[in-house]
Structure formats: structure tokens, C-alpha cells
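Each reported figure results from applying straightforward, stated rules to the coordinates on display, with no laboratory input. What you see is a predicted model, and the numbers here were worked out from it, not measured in a lab. Every residue, glycine as well, gets a Cβ built from its backbone with ideal geometry; the counts of neighbours run over all protein chains shown.
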Amino acid sequence: MLESIHVLRGLLWVVFALSAAGVIGLVVHLKRWVRAQLPPPALKARPVMTPNEEEFFGRLQRALPEYDVLAQVGMGALLTTTVSEDHPAFWELRKQFAQKIADFVVLRRGEKSPSAVVAVIELDDRTHDKRKDAERDAMLASVGIRTVRFESRAKPSEQEIRRRIAALERG
């Protein structure tokens with residue numbers, strides 16, 4: 001009697017295992033089928049700037065003709081780490097800025113050194129997170145790069161832009 005209970009338990013475990021394997025197999029098959037129904041992933045071009053950013057870029061260029069103004073600059077072009085890639089902290093430090101983009105960068109014309117960066121200009125709209133913005137500003141400030149923020153809904157005049165950049169240049 002006891003032996004037949006053990007056999008029955010063993011059979012139940014086999015049935016359970018086969019059922020579980022069947023369900024897993026069905027889920028895997030279903031997942032593959034669903035993926036096969038989706039259009040294949042592909043890349044597509046997107047505009048470098050929104051129309052709002054394009055208008056502001058033109059405004060910056062008109063306001064600051066003696067400077068080079070760059071748009072949509074990767075923070076990796078502005079920042080790096082003091083440690084090499086084989087250092088344990090390298091990737092942890094790099095990921096803090098590598099995927100971030102500065103809206104605009106104002107450079108002293110013709111200069112290429114890090115000190116040529118006069119300011120990073122951010123055009124803040126409703127998508128901006130004040131806490132994350134403060135972290136970005138502090139990261140840039142830690143290497144001597146100042147951030148100037150303008151509200152998208154109340155963009156400054158060309159004269160105001162000139163005044164703010166001139167004030168930064170004076171110190």
C-alpha cells in the first residue's frame with residue numbers, strides 16, 4: 001500500500017513536470033508567434049531639433065554673432081572622467097553623463113580648449129525635471145561650465161541673451 005502511494009506520488013510529479021514543461025513550451029511558442037506578427041524593428045531619422053528649438057537656435061546665433069553656438073551636444077563631448085576605462089569606477093562615472101544632451105553650447109569663436117565653453121544653454125519646457133536639471137547643472141559646474149536656463153514659454157529677447165552671456169564673460 002505504502003509502495004503504491006510512492007508510485008502514485010512519483011507519477012503525479014511526472015505529470016506535473018510534463019504539464020509545467022508543456023505550459024512553458026506553449027508560452028515560449030506564443031511569445032515567438034506574437035513577435036513574428038510585429039513589424040520588424042527598424043531605425044528612422046528624426047529631426048535634430050524641434051521647431052521651438054530651431055527658432056531659439058536662430059535667436060542665439062543672431063544674439064551671439066561673435067561666438068560659436070552648437071546645438072544638441074552630447075555631454076560626453078563636454079565631460080570625461082579622471083580615471084581610465086580599466087578603472088572600476090570609470091563606467092559608473094561615465095553613465096552619469098554619457099546619455100545626456102545639452103540643448104546648446106556657447107563657445108568662444110575659434111577656440112577648442114575646455115575653457116572655450118562659455119555656457120551651456122538649456123531651454124526648459126514642461127518635460128524638464130527640476131531635480132535632474134539641478135544635478136546636471138552641478139555636474140557641469142564641477143568642471144567650471146556654467147548653465148544658463150531659459151523658459152521655453154517666455155523665451156528671452158536677443159538683447160537679454162547677449163546681456164546674460166556678457167555677464168558670464170565678465171565673471
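A compact table of results
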| read-out | value |
| --- | --- |
| Estimated vicinal HN-Hα couplings, Hz - the stretch 140-151 in sequence order (Karplus 6.51, -1.76, 1.60; Gly, Pro = x) | 5, 4, 5, 10, x, 9, 8, 10, 10, 10, 10, 7 |
| Between the stretch 81-95 and the stretch 104-134, the alpha-carbon center distance in angstrom | 23 Å |
| Long-range amide H partners of Val118 with built H, under 5 Å | Val106, Leu107, Arg108 |
| Rounded to 5, percent antiparallel among DSSP beta bridges of the chain | 70 percent |
| Relative contact order of the chain, pairs being alpha-carbon contacts under 8 Å that are 6 or more residues apart, as % | 18 percent |
| Among Ala119, Ala20, Ala98: highest mean-square fluctuation, GNM of the chain, C-alpha pairs under 10 Å | Ala20 |
| Selection from Trp91, Val69, Trp33 lying farthest towards where the dipole of the chain points positive, charges on Cβ | Trp33 |
| Taking Asp86, Asp103, Asp133 and counting other C-beta atoms within 10 Å, the order from fewest to most | Asp86, Asp133, Asp103 |
| Across Lys130/Lys155; Lys132/Lys155; Lys31/Lys95; Lys31/Lys100, pairs whose alpha-carbon gap is larger than 26 Å | Lys31/Lys95; Lys31/Lys100 |
| Compactness of the stretch 26-171 - radius of gyration and Dmax, Cα, Å | 19.8, 70 |
| DSSP-assigned coil residues among GluC sites (Glu not before Pro) in the stretch 1-92, each with at most 15 further Cβ atoms within 10 Å | Glu66, Glu85 |
